[in-house]
Amino acid sequence: MDRIKIEQTDITRLKLDGIVNAANNSLLGGGGVDGAIHRAAGPGLLEECRALNGCNTGEAKITGAYGLPSRKVIHTVGPVWNGGNNKEEELLADAYKNSLHLALEENLETIAFPNISTGVYRFPKEKAARIAISEVRSFLEKHPELKSVTFVVFDEENLKIYKEMLG
Ligand code: AR6
């Protein structure tokens with residue numbers, strides 16, 4: 001599907017309607033892609049996030065993007081991988097689904113996802129990619145208003161997996 005793209009880059013460099021952040025339940029910043037987004041956006045983002053009162057795992061909330069080139073940031077919280085019997089797969093699918101729904105509600109036409117939960121949260125990368133691709137594909141089929149979804153693959157392993165899975 002040509003509305004799905006892969007890009008190996010730092011997500012904070014992209015200029016789109018929205019980028020998705022792989023946040024934690026506090027929404028108050030952290031390491032990895034979350035740290036990079038907060039650093040690049042500047043203190044206004046943290047201030048807006050403080051007023052959101054956190055976010056449950058699998059859910060998503062939206063803010064402005066401040067110093068970032070994109071317009072909005074969708075903050076979602078993926079599950080910590082804990083063996084696989086703690087609803088991890090369902091919660092990761094929810095994180096993608098709820099982010100996509102929020103993008104649509106806010107009239108965002110071009111968005112990018114990082115590989116949610118596959119860093120500090122240790123979700124197996126292939127399993128995560130399969131879930132991410134399947135959720136995005138079925139959403140795009142139902143919603144032509146969403147023009148493009150970019151999977152930002154930061155590490156070589158994810159790049160290889162996404163290239164293989166998306167052909
Ligand atoms: N641009 C795009 N992708 C990135 C970037 C970047 N600048 N930096 C890292 N990645 P992680 P998680 C990739 O650990 O597993 C934070 O502390 C990285 O290679 O950022 O969901 C939060 O506050 C990996 O593939 O997120 C939470 O506490 C992917 O982003 C916790 O980490 C996700 O890795 C969330 O853990």
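Listed values, structure above:
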| item | result |
| --- | --- |
| So Ala60, is it within 8 Å of the ligand (Cβ to nearest atom) and under 15 Å from the mean Cα position of the chain (by Cα) | no |
| Filtered residue count, segment 31-57, keeping only those that are within 11 Å of the ligand (Cβ to nearest atom) and on the phi > 0 side of the Ramachandran plot | 1 |
| Single match in Glu106, Glu90, Glu135 (criterion: without any contact (Cβ under 8 Å) to a residue 40 or more places away in the chain and at negative phi) | Glu90 |
| Selection count, segment 11-28, where residues are of a type in the set (S, T, N, Q) and within 14 Å of Ala41 (Cα to Cα) | 2 |
| Among (1) within 20 Å of Lys61 (Cα to Cα); (2) out of contact with any strand residue (DSSP E or B) (no Cβ under 7 Å at 6 or more places or on another chain); (3) within 16 Å of the ligand (Cβ to nearest atom) - the single one Ala132 does not satisfy | (2) |
| Selected residue (only one of Glu135, Glu105 is modelled with pLDDT of 95 or more, in contact with a Phe, Trp or Tyr (Cβ under 8 Å, 6 or more places away or on another chain) and among the charged types (D, E, K, R)) | Glu135 |
| Test: Val20 is within 26 Å of Gly167 (Cβ to Cβ), touching a residue at least 12 places away in the same chain (Cβ under 8 Å) and not in a helix (DSSP H, G or I) | yes |
| Search result, residues across segment 1-54 that are within 23 Å of Lys87 (Cα to Cα), touching a helix residue (DSSP H, G or I) at 6+ places or on another chain (Cβ under 9 Å) and not aliphatic (A, V, I, L, M) | Asn21, Asn24, Ser26 |
| Residue list for segment 113-149, filter: surrounded by 22 or more Cβ atoms within 10 Å (Cβ to Cβ) and farther than 28 Å from Gly83 by Cβ | Val149 |
| Candidate set from segment 67-86 (those that are surrounded by 14 or more Cβ atoms within 10 Å (Cβ to Cβ) and more than 16 Å from the ligand (Cβ to nearest atom)); member that is nearest to Gly35 (Cα to Cα) | Lys72 |
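The values are calculated or read from the model by the stated rules, or taken from the named source; none is laboratory data. None of these values were measured; they are calculated from a predicted model. FYI the Cβ positions are ideal-geometry reconstructions off the backbone, even for glycines, and counts take in every protein chain you see.
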